[in-house]
Amino acid sequence: IFIGKSEGMLSFSGVQQRAFSRYFLFQVINVFLVTTIAGSIFDTIALIVENPEAAFEMLGNSLPRLSSFFITLVTIKTFVGLGMELVRTMSIVQASLRFLLFPNSTLRAQRSVRLGMRAIDDPGWFAFHKILAQDMLVVVISVVFAVVA
């Protein structure tokens, strides 16, 4: 977010859109492509050296062997990520700290942000650039392996 502001983006939505596109591209390259190429290349490196013309075919044939890793990744991202988003662990911790630090507050003081901590019913802004990029990575992996299946 700070990089987008320093680039001169005027709107907050433009900054979030730029952060989303960069984070999504980073995840596709690092999580999907690097894992796929690294997992496939070590198995077929000797065959590629002997027959370089068939490199893409060999890498494509070794792609289904990586499906167990990506199934595990999608399952963990779906259940753990969504579960942590629904539980809102940091909101519970912040509400507990607010209750311990400011036990006898007025209603106006309870609703205000104190020491950077929000009330439990005030989640703040939604970091869609981060959440959406992770969800879109799951969609990309699902589409790629749906074709393989």
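Coordinate-derived values only; no laboratory data. Source: prediction; values computed, not measured. Note: ideal-geometry Cβ built from the backbone for every residue, glycine included; neighbour counts use all protein chains shown.
Viscosity 0.692 mPa s, temperature 37 °C: what is the translational diffusion coefficient of the range 9-71 from Stokes-Einstein with a Kirkwood Rh over Cα pairs, rounded to a whole number of µm²/s? Don't skip to the end; give the middle numbers.
On the way: Rh = 13.8 Å.
Translational diffusion coefficient: 239 µm²/s.
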Subject >> Equivalent ellipsoid semi-axes - Cα gyration tensor, the range 87-149, angstrom >> reply: 40, 11, 7
Original post:
Can you pull out the chymotrypsin sites (Phe, Trp or Tyr not before Pro) in the range 80-137 that DSSP calls coil and that have at most 11 other Cβ atoms within 10 Å?
Top reply: Trp125, Phe126
**OP:** Would you please state the base-10 log of I(q)/I(0) at q = 0.13, 0.14, 0.18 1/Å for the chain, with intensities from the Debye formula using one equal scatterer on every alpha carbon?
**Re:** -0.81, -0.87, -1.09
Original post:
What is the extension gain from Val139 to Arg22, computed as 0.36 nm multiplied by their sequence separation minus the C-alpha to C-alpha distance, in nm to one decimal?
Top reply: 40.4 nm
Original post:
So how strong a dipole does the chain carry about its Cα centre when Lys and Arg Cβ are +1 and Asp and Glu Cβ are -1, to the nearest 20 debye?
Top reply: 1080 debye
